[in-house]
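Here's the structure we're looking at; comments come further down.
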Amino acid sequence: MILDRLTPVDGALPGALLTEVTELYAANRYFFALSGDFPDPDDIRIGQVATELARELQHPDTEVLLARSEGRLTGIAITLAHHPDPADPDPWIGLLMVAPQRQGYGRQLAQLVENRFRADGRKAVKLAVLQNNPRAMAFWSALGYLVIGHREDRERNRPCAVLRKEL
């Protein structure tokens, strides 16, 4: 698996890339039905994904990372080097999504993201899992993440479990 940082070209994202990312998002209907991030999880559109990615890329501490295997987009990770709460020293994984073929892409992508944080000298990483997403909770728990609290997310006030893993 190869991990590349998404970088806009002349302030825009290439159309072919947006098509790939939109297909990846559409393949994860289960998550988007739970999250409510898009009005219709059965009809996720390129323009919606472009808007969402542009919003993420506005933050200087955010990276959008694309994972490829054999030339095909297999996953995306959105990370924050610093949480908006200045008292929180840990980086965060804001989103980790993979193609749903159950070939270990999620585990590989999580390890690559963790390795990037380790290389930057970070000691731990955090993330939030929607309370209504038992699949995600099982995935992150299997990777060694521990629940350290519960709170609502900052954007949509959805109940979440906050998880942390020592690196």
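The values are calculated or read from the model by the stated rules, or taken from the named source; none is laboratory data. All values reported here derive from a predicted model rather than from experimental measurement. Using ideal geometry, Cβ is built from the backbone for each residue, glycine included, and neighbour counts are taken over all protein chains shown. The protein model used for the area step is the full one, side chains on, heavy atoms only, and it has no ligands, DNA or RNA in it. Shrake-Rupley method; radii C 1.70, N 1.55, O 1.52, S 1.80 Å.
Once the range 49-89 is narrowed to residues that are without any contact (Cβ under 8 Å) to a residue 12 or more places away in the chain and in a helix (DSSP H, G or I), the residue that is most open to solvent (accessible area, probe 1.4 Å) is 51.
Does the range 62-84 contain any residue that is more than 29 Å from residue 164 (Cα to Cα) and touching a strand residue (DSSP E or B) at 6+ places or on another chain (Cβ under 6 Å)? Looking through the range 62-84, none of the residues is more than 29 Å from residue 164 (Cα to Cα) and touching a strand residue (DSSP E or B) at 6+ places or on another chain (Cβ under 6 Å).
The set of residues from the range 1-13 being in a loop (DSSP other than H, G, I, E, B), out of contact with any Phe, Trp or Tyr (no Cβ under 9 Å at 6 or more places or on another chain) and either hydroxyl-bearing (Ser, Thr, Tyr) or surrounded by 11 or more Cβ atoms within 10 Å (Cβ to Cβ) (or both) comprises 6, 7, 8, 13. Taken over the range 24-43, the criterion of being assigned to a helix (DSSP H, G or I), open to solvent by 30 Å² or more (accessible area, probe 1.4 Å) and in contact (Cβ under 8 Å) with a residue 12 or more places away in the chain is satisfied by 26, 29, 30, 31, 34. You will find that of 93, 148, the residue that is over 25 Å from residue 28 (Cα atoms) and in contact with a Lys or Arg (Cβ under 9 Å, 6 or more places away or on another chain) is 148 and no other.
For beta carbons closer than 9 Å, sequence separation of 6+ or different chains, a first residue in the range 118-133 that is among the small types (Gly, Ala, Ser) and a second that is modelled with pLDDT of 95 or more and open to solvent by 90 Å² or more (accessible area, probe 1.4 Å), the qualifying pairs are 124/166.
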